[in-house]
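Engineer: Shown below is the structure under consideration.
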Amino acid sequence: KDIHMKAIILAAGQGSRLKPKTDNLPKCLVRVKNVPILNYQLEALNRLGITECVIVVGFMGDLIRQEAGDKFGDLHISYVDNKYFIETNNIYSLWCAKEYLADDIILIEGDVLFDRNILSALVDNIPSNTAVIDDFRSDMDGTVIIRKSGLASSMVLKSQQGKDFDYSNAFKTVNIYSFDGSTMQQYLIPALDTWVGEGFTNEFYEAAIADLIAHNAIELETQHVGKNRWVEIDTIDDLEKAESAINYFS
């Protein structure tokens, strides 16, 4: 079945913690069991019946264009350039794609490997605003969500998790989201415009989402990964984890 929503993949960063693998290769093209991370993502989207994907590229973007081309199965691929990838963060990458965002979207970061079932469950729930989450473990870092009756009551970025932060009710974001078109048009695109317009280009896009949640502007549902596996590949250690778990991502 064709699913009328767009996938947005953010793949502009330099992946400096994965050096030397990323000396001459963008992070999303780092290979796991000899297949680029990006290909696993495109395969998952294609198998789900999603037909449109926008990839935001920056560091060595030409290599990504060469590797993925403009079609993967039935998935049509377009590209957006974040020319300022060195001095900006992913809020700016997302904003760069804004002409494509006024739609039901799935947002995925270009360094996440995941079981396809995670996406199937997300798509079954469309249209909705949903964050995929997992139980927080001490070896994780990054944005967390505190939830109340299935909804995110707050989203807390790494920079706001002080040394006394209570993780007992915290869930880790998996960096896979869905947003419906009206939320994108009414709230998220204007928020990105504001943040970028005020010069906050070196932030994470989660900061804008966290702000909208804090002001009760949007409701963000949470979807727990359950037994499904995922791994965010930031370091060589993560890469080894992914290699050993790869059978789960087919």
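Engineer: Can you give me the relative contact order of segment 42-97 as a percent, contacts being Cα pairs under 8 Å and 6 or more apart?
Structural biologist: 40
Engineer: Additional query: Once you put a point 7 Å from the Cα of Ala217 and another 7 Å from the Cα of Glu240, both along the Cβ direction, what distance in nm separates them?
Structural biologist: Result for the modelled spin labels: 4.3 nm.
Engineer: Would you work out what percent of the accessible area of segment 137-210, with all protein chains in place, is carbon or sulfur (probe 1.4 Å)?
Structural biologist: Working: 1740 of 3610 Å².
It is 48 percent, rounded to a whole number.
Engineer: Tally Lys/Arg at +1 and Asp/Glu at -1 over every other residue whose Cβ is under 11 Å from the Cβ of Leu10; what's the total?
Structural biologist: Net of charged neighbours comes to -1.
Engineer: Let a ≥ b ≥ c be the square roots of the eigenvalues of the Cα gyration tensor of segment 126-172; is it rounded (a/c under 1.5), or, if not, prolate (a/b larger than b/c) or oblate?
Structural biologist: Prolate, because a/c is 1.5 or more and a/b exceeds b/c.
Engineer: Can you tell me how the chain classifies by the Cα gyration tensor, rounded, prolate or oblate, using a/c under 1.5 as the rounded cut?
Structural biologist: Taking the square roots of the gyration eigenvalues as a ≥ b ≥ c, the chain is rounded.
Engineer: How high is the FRET efficiency between Asp81 and Val35 when r is their beta carbon distance and R₀ equals 30 Å, given to the nearest 0.05?
Structural biologist: Values: r = 25 Å, r/R0 = 0.83.
Efficiency computed from Cβ-Cβ geometry: 0.75.
Engineer: State, to one decimal in nm, how far the label point of Asp141 lies from the label point of Asn24, with both points 7 Å from Cα in the Cβ direction.
Structural biologist: Taking the simple label geometry, Asp141 and Asn24 are separated by 3.0 nm.
Engineer: To continue, here is another question. Using a 1.4 angstrom probe on the protein heavy atoms only, could you order Asp81, Asp104, Asp124 from most to least accessible area?
Structural biologist: Working: Asp81 70, Asp104 35, Asp124 115 Å².
Ranking Asp81, Asp104, Asp124 by accessible area, largest first, yields Asp124, Asp81, Asp104.
Engineer: Specify whether the C-alpha gyration tensor of segment 114-250 places it in the rounded, prolate or oblate class, a ≥ b ≥ c being the square roots of the eigenvalues: rounded for a/c under 1.5, otherwise prolate if a/b is larger than b/c and oblate if not.
Structural biologist: The shape class here is prolate.
Engineer: Which links in Lys83/Lys163; Lys98/Lys158; Lys21/Lys148; Lys33/Lys163; Lys19/Lys172 stretch past 30 Å when you go from one Cα to the other?
Structural biologist: Distance filter (> 30 Å) returns Lys83/Lys163; Lys21/Lys148; Lys33/Lys163.
Engineer: Which residue, Gly162, Gly58, Gly13, tops the fluctuation ranking in a GNM of the chain built on C-alpha contacts under 10 Å?
Structural biologist: For the chain, modelled as a Gaussian network with Cα springs under 10 Å, the answer is Gly162.
Engineer: A further question follows. Per DSSP helix of 4 or more residues, -39500 (n - 2.57); summed, then divided by the residues of the chain. What does that give at 222 nm, rounded to the nearest 500?
Structural biologist: That comes out to -7500 deg cm²/dmol.
Engineer: Let me ask another. What distance in nm lies between label points placed 7 Å from Cα along the C-beta direction at Leu63 and Ser182?
Structural biologist: My value for the distance between the label points is 4.4 nm.
Engineer: Less than 10 Å Cβ to Cβ from Arg47, Lys/Arg counted +1 and Asp/Glu -1: what total charge do the surrounding residues give?
Structural biologist: Overall, the nearby charge balance is -1.
Engineer: Choose one answer from Leu75, Leu157, Leu192: the residue with the largest mean-square fluctuation in a GNM of the chain with alpha-carbon springs under 10 Å.
Structural biologist: Leu157
Engineer: Could you work out the relative contact order of segment 91-218? I mean the mean sequence separation of Cα pairs under 8 Å and 6+ apart, divided by the number of residues, in percent.
Structural biologist: After rounding, I find 39 percent.
Engineer: While we're looking at this one, here's another question. Excluding Ser178 itself, calculate the net charge of residues whose Cβ lies under 12 Å from the Cβ of Ser178, where each Lys or Arg counts +1 and each Asp or Glu counts -1.
Structural biologist: With Lys, Arg at +1 and Asp, Glu at -1, the neighbours total -4.
Engineer: Please find, in a Gaussian network model of the chain (springs between Cα atoms separated by less than 10 Å), the residue of Lys148, Lys71, Lys163 whose mean-square fluctuation is greatest.
Structural biologist: Lys163
Engineer: Then there's this: Taking only protein heavy atoms into account and a 1.4 Å probe, give the accessible area per residue of the chain in Å².
Structural biologist: It amounts to 46 Å² per residue over the chain.
Engineer: If I take R0 = 25 Å and measure r between the Cβ atoms of His224 and Ser159 in this structure, what FRET efficiency does the formula 1/(1 + (r/R0)^6) give, to the nearest 0.05?
Structural biologist: Result of the calculation: an efficiency of 0.50.
Engineer: Can I ask one more? In whole Å, what is the distance between the alpha-carbon centres of segment 116-147 and segment 1-74?
Structural biologist: Taking the Cα centre of each part, segment 116-147 and segment 1-74 sit 20 Å apart.
Engineer: Counting only protein heavy atoms, what percent of the accessible surface of segment 53-125 is carbon or sulfur at a 1.4 Å probe?
Structural biologist: Ligands and nucleic acids excluded, carbon and sulfur reach 44 percent.
The values are calculated or read from the model by the stated rules, or taken from the named source; none is laboratory data. This structure is a prediction, so every number in the text was calculated from the model and none was measured. Glycine also receives a Cβ, built like all others from the backbone with ideal geometry; neighbour counts cover every protein chain displayed. Note: accessible area is taken over every heavy atom of the protein model, side chains too, but ligands, DNA and RNA are not part of it. Shrake-Rupley method; radii C 1.70, N 1.55, O 1.52, S 1.80 Å.
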